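The values are calculated or read from the model by the stated rules, or taken from the named source; none is laboratory data. Computed from a predicted structure; not experimentally measured. Here the Cβ is made from the backbone with ideal geometry for all residues, glycine too, and neighbour counts use every protein chain on show. Note: accessible area is taken over every heavy atom of the protein model, side chains too, but ligands, DNA and RNA are not part of it. Shrake-Rupley method; radii C 1.70, N 1.55, O 1.52, S 1.80 Å.
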Amino acid sequence: MIDPWLRNPSNPEAKGGKDPLASLSKVDYILLTHGHRDHVGDAVEIARKTGAVLISNPELAGNLVKLADFPGKQAETDAIMGIGGEIQIAAGEVTVAMTPAVHSSSVFNPKAGATDAERAYGGNPAGFVLMIKNGPTIYHSGDTAYFKDMETIGEEYQIDLALLNIGGHFGMEARMAAKAAKSVRAKLAIPQHYGTFPGIAENAGVFASELEKLGVPYCEMKPGETISFRGKQMTQKK
Ligand SMILES: [Zn+2]
Ligand SMILES: [Zn+2]
């Protein structure tokens, strides 16, 4: 799971008193791009419930253990990494690269007293590239602003699918997110980080029309939908 905020208000599984965590049984890894609440989400509870191992920068991992009671053993493994690095997970089935993101990263401190800062250091914000053996290479942009060096990500990795934050206000505006899809040479772009809370884009209309101008294939996913790949080709959406 990447940035698992399952109890977010747009998740149909979180409506009407339903708990989206109730049906979770197997989660191997939780990847966190940065420490903001809409990204750490339900990571601590998911980790406790499933034993999932944390993949994040060391400062965020350390503070989640210290301040939010993330299970220490699951946050102190070889999967703690830094921007520019690559690690192998899932017995070599997946290579994870941590990429730069231009944003901020703090982590909410639920133990803060009256004179303590409400936010603790969350390390540098990041994105991820997941290279899946016999499967697609996926870029997740985190909450980044557009930056020209995204072109380097596109040169270095053959991005089959780019998950791009399009919400604006706190990160890339949709127009720039479309430019990002082009810069990382995405073969398919899926928008994320919109339609959840006030202040960010309510829909992906601008992103879709900008991508069309740039000739980048586009797919919109509604909460709860699944897409499948065979090799590097998307085969199904449901
Ligand atoms: Zn953020
Ligand atoms: Zn965010």
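A quick yes/no check of all residues on (1) touching a residue at least 12 places away in the same chain (Cβ under 8 Å); (2) touching a helix residue (DSSP H, G or I) at 6+ places or on another chain (Cβ under 8 Å); (3) on the phi < 0 side of the Ramachandran plot:
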| residue | (1), (2), (3) |
| --- | --- |
| Asp3 | yes, yes, no |
| Arg7 | yes, yes, yes |
| Ser25 | yes, yes, yes |
| His36 | yes, no, yes |
| Val40 | yes, yes, yes |
| Ala47 | yes, yes, yes |
message: Quick check on the range 12-37: of everything there that is in contact with an Asp or Glu (Cβ under 8 Å, 6 or more places away or on another chain) and within 16 Å of ligand 1 (Cβ to nearest atom), which residue is farthest from Arg119 (Cα to Cα)?
response: Leu31
Within the range 1-114, strands (runs of 3 or more DSSP E) holding 2 or more residues that are farther than 22 Å from Pro223 by Cα: 53-55, 86-89, 94-100, 106-108
statement: Taking the range 1-50 and keeping only residues that are open to solvent by less than 70 Å² (accessible area, probe 1.4 Å), among the acidic types (Asp, Glu) and away from ligand 2 (no atom under 15 Å from the Cβ), one is left with Asp19
task: Test each condition in (1) within 16 Å of ligand 1 (Cβ to nearest atom); (2) more than 29 Å from Glu225 (Cβ to Cβ); (3) surrounded by fewer than 20 Cβ atoms within 10 Å (Cβ to Cβ) for Pro71 and report the one that comes out false.
output: (1)
- line: Across (1) within 14 Å of ligand 1 (Cβ to nearest atom); (2) over 28 Å from Thr226 (Cβ atoms), Pro100 clears everything bar (1)
- request: Filter the range 119-130 down to the residues that are in a strand (DSSP E or B) and open to solvent by 10 Å² or more (accessible area, probe 1.4 Å), then identify the one that is nearest to Arg185 (Cα to Cα).
  value: Leu130
- request: Would you mind stating whether Thr226 is surrounded by fewer than 20 Cβ atoms within 10 Å (Cβ to Cβ), within 23 Å of Trp5 (Cα to Cα), β-branched (Val, Ile, Thr) and within 16 Å of ligand 2 (Cβ to nearest atom)?
  value: no
task: Would you be able to tell me the number of residues in the range 87-111 that are touching a residue at least 24 places away in the same chain (Cβ under 8 Å), aliphatic (A, V, I, L, M) and open to solvent by 30 Å² or more (accessible area, probe 1.4 Å)?
output: 2
- request: Tell me which residues, restricted to the range 178-231, are touching a helix residue (DSSP H, G or I) at 6+ places or on another chain (Cβ under 9 Å), under 21 Å from Ala14 (Cβ atoms) and among the aliphatic types (A, V, I, L, M).
  value: Ala201, Ala204
